[in-house]
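Undergrad: After the structure tokens below, expect a handful of questions from me.
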Amino acid sequence: MSTVFDTMHNHLERAVFDAVQAAAPRFAHLSDPNIQADVACVALNRLPPRYIRHDIDFSFYLTERERAENEAAISEAVDFAYQFVQAKVVMRARH
């Protein structure tokens, strides 16, 4: 059953997913899709949620400064998330 709530989503999800995939070549040893999903979760949890109904409406109201700040925050969150997950993978391998 589709409802009006089906149109709601976190605006940053797609951008984080794209950033995780773009950064993946730097972390080739973490190429497993399940690990990349963990990276995306960690990154999203470091960012404030921005729930919207329509991407175009949200994008229209962002200033260039806000866009740049979002991009920088996403990049920082994804870099942190890869490092965090990488450390967890290393710790698991030691045990």
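The values are calculated or read from the model by the stated rules, or taken from the named source; none is laboratory data. Worth saying up front: this structure is predicted, and the values here are computed from it rather than measured. Cβ atoms come from the backbone with ideal geometry, glycine included; neighbour counts cover every protein chain shown. When the accessible area is computed, the model is the full protein with side chains, heavy atoms only, and any ligands, DNA or RNA have been set aside. Shrake-Rupley method; radii C 1.70, N 1.55, O 1.52, S 1.80 Å.
Undergrad: Projected onto the charge dipole of the chain (+1 at Lys/Arg Cβ, -1 at Asp/Glu Cβ, origin at the Cα centre), which of Leu62, Ala93, Pro33 gives the Cα projection farthest towards the positive end?
TA: The residue sitting most towards the positive pole is Ala93.
Undergrad: Still on this model: Using a 1.4 angstrom probe on heavy atoms only, work out the carbon and sulfur share of the accessible area of the chain in %. Spell out each step's value before the answer.
TA: Working: 3890 of 6830 Å².
Using a 1.4 Å probe with all protein chains present, the chain comes out at 57 percent carbon and sulfur.
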